[in-house]
Protein chains: 2
Amino acid sequence: MPRLKLTVAYDGTVFAGWQSQVHRNTVQDKLERAFNEICGAHVRVHGAGRTDAGVHALAQCAHVDLPIRRLSAGNWTTALNATLPPTLRVLRCRFVSPQFHARFSATGKTYRYRIWSAPILPPLELHRVWHIPQPIDVELLIAAGRMFVGKHNFAAYAANRGKKEENTVRTISLLKVRWRRSDVAIEISGDGFLYKMVRLMVGAMIRVSLGKMRLEEIESGLRTGRPNGSRNVAPSYGLYLVKVWY
Amino acid sequence: MPRLKLTVAYDGTVFAGWQSQVHRNTVQDKLERAFNEICGAHVRVHGAGRTDAGVHALAQCAHVDLPIRRLSAGNWTTALNATLPPTLRVLRCRFVSPQFHARFSATGKTYRYRIWSAPILPPLELHRVWHIPQPIDVELLIAAGRMFVGKHNFAAYAANRGKKEENTVRTISLLKVRWRRSDVAIEISGDGFLYKMVRLMVGAMIRVSLGKMRLEEIESGLRTGRPNGSRNVAPSYGLYLVKVWY
């Protein structure tokens, strides 16, 4: 069976996340139904990772094993897009070796988190940014972000810390804050991310930048693996999966 | 009665245009209902101009005569936004002299028209750009745009040419094409715009850039006031009202 790698983009607002669910409008379900329609057989879509409801993707990756051989990679892009809604697009398809696996072959990911820092949120930014009406201290935001860079135990920045056996050590290779007036973007690259890790990191960074948390609390969370006090999960709709690295 | 000037922004996708209509979700109706709720009396909102369904506004202007005096301009912004949906925001309010009129005092307007020039439209650009899958010649687009700059009879670029008595002479002071890969923006400033004028201008520019129309046809349309052959109205959802000049 030929293996096809897909790069897809979607507007997170209209989907109930990536992962297949009964009677829910998920990205995986939409893709599997499109393959089903074209192939006349069930095809399982393996994603590089799940994204929660509301999270956008500029370039999510997946792979499938095709039951038919008659289409070129370019034709797969066209055929899938003709079947899919415009809120979900296949950007490109490529045939890959059977050793390639969308999830296990990935060497890293890049996420972007967008914040709108102003009293009034422009209507066209709705569902695309986290609106923070209070003034934030960008210097503190940058300083907070810097603490995450490197190899750390991110147990304090994972939502499902119940699974004790899981390895919670991850390496953040890059964390960059860019801003232009009210428009703030945090770009984070790493070798892997725990469940809700980016949103918990951004939640802590914002708490620091609002003066509600001290920088040392981030440091101790990374050292001990336990959060100090309450945690703040940044909302899903500000998060964008930018790239999966292989 | 104190006169208040409003600057408002809206996502054109969710409204049936600016102008009040029976049983329709229009921007003017939403604003009048918000004033009604706050004042307990009907207040007429006078816009700087109408925008069609789908057209976005980054800074539309309007004025109202207030039946009550108890709120400051800043409080009006807050009170209106508390009542309005997040797809429509009041950016600022300012008390103005009774001589100020949102429509008649305006000295010009700036519009932006956005085009996405690539085979695949990214989902987050849906309803925000005109998607042109075929390659466009940007040099021709710029050359076509240049022809509109200056004082011309724009009768060939107006949708309602039935009204013969109307003065169709307008001055375009600036037309600038900016692009970054697939993302093309045309910014147009002028002393006034006829009905659907920007969308007819952009429609002609795109026809030229696709090689479907000659530059000379734009020139003759401006000279004679009559379009040569069929006209192309660019879709409403690519259009943004950027600024009203006073």
> From a point 7 Å beyond the Cα of B:S72 in the direction of its Cβ, which residues of segment B:1-31 have a backbone N at a distance under 19 Å?
Replying inline: B:2-7
> Among A:L88, A:L124, A:L141, which one shows the biggest mean-square fluctuation in a GNM of chain A, springs joining Cα atoms closer than 10 Å?
Replying inline: A:L124
>> Treating the point 7 Å from Cα along Cα-beta-carbon as the label, what are the nm separations from B:D183 to the other copies, to one decimal?
In response: 0.6
>> I need the peptides B:196-207, A:40-51 ranked by packing, meaning the mean over residues of other C-beta atoms within 10 angstrom, with the highest value on top.
In response: B:196-207, A:40-51
>> Taking 0.36 nm per residue of sequence separation and subtracting the Cα-Cα distance, how much length would be gained by fully extending the chain between B:R178 and B:R50, in nm to one decimal?
In response: 43.5 nm
> Quick one: which of B:67-74, B:236-243 comes out on top by average Cβ neighbours within 10 Å, and what's the full order, highest first?
Replying inline: B:236-243, B:67-74
> Which whole-number percent is the relative contact order of segment A:87-222 (Cα, under 8 Å, 6+ apart)?
Replying inline: 29 percent
>> Given the -39500 (n - 2.57) contribution per DSSP H run of 4+ residues, what per-residue ellipticity at 222 nm results for chain B, rounded to the nearest 500 deg cm²/dmol?
In response: -7000 deg cm²/dmol
>> For B:N75, place a label point 7 Å from Cα along the Cα-to-Cβ direction in every copy; what are the distances to the other copies, in nm, shortest first?
In response: 7.0
> For segment B:120-173 and segment A:95-126, what is the separation of their C-alpha centers, rounded to whole Å?
Replying inline: 35 Å
>> Just to confirm the numbers: A:M1, label point 7 angstrom along the Cα-Cβ line, distances to the other copies in nm, shortest first?
In response: 7.1
>> Explain nothing, just the number: relative contact order of chain A, from Cα pairs under 8 Å at least 6 residues apart, as a whole percent.
In response: 24 percent
> Mind checking the mean number of beta-carbon atoms from other chains within 10 Å of the Cβ atoms in B:124-137?
Replying inline: 2
>> I need the calculated FRET efficiency for the pair A:F104 and A:R214, taking r as the beta carbon distance and R₀ as 35 Å, to the nearest 0.05.
In response: 0.35
>> Please compute the modelled spin-label separation between B:D191 and A:T171, points set 7 Å along Cα→Cβ, answer in nm with one decimal.
In response: 6.5 nm
> Which order do B:I186, B:I120 fall in if you start with the one that has the fewest other Cβ atoms within 10 Å?
Replying inline: B:I120, B:I186
> Hey, fewest Cβ within 10 Å first, where do A:D29, B:D65 land in order?
Replying inline: B:D65, A:D29
> Local charge sum around B:F95 (other residues, Cβ-Cβ under 9 Å, Lys/Arg +1, Asp/Glu -1)?
Replying inline: +3
> What is the spin-label model distance, in nm, from B:E37 to A:H42 if the labels are put 7 Å beyond Cα along the C-beta direction?
Replying inline: 4.8 nm
> Which whole-angstrom value gives the distance between the alpha carbon centres of segment A:176-208 and segment B:1-79?
Replying inline: 36 Å
> Given labels modelled 7 Å from the Cα in the Cβ direction, how far is it in nm from B:M1 to B:V138?
Replying inline: 5.0 nm
> If contacts are Cα pairs under 8 angstrom and at least 6 residues apart, what is the relative contact order of segment A:152-221 in percent?
Replying inline: 30 percent
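Bear in mind that the values in this text are calculations on the coordinates, not laboratory data. Note that the structure is a prediction, hence the values are computed from the model and not measured. We place every Cβ from the backbone using ideal geometry, glycine too, and count neighbours over all the protein chains shown.
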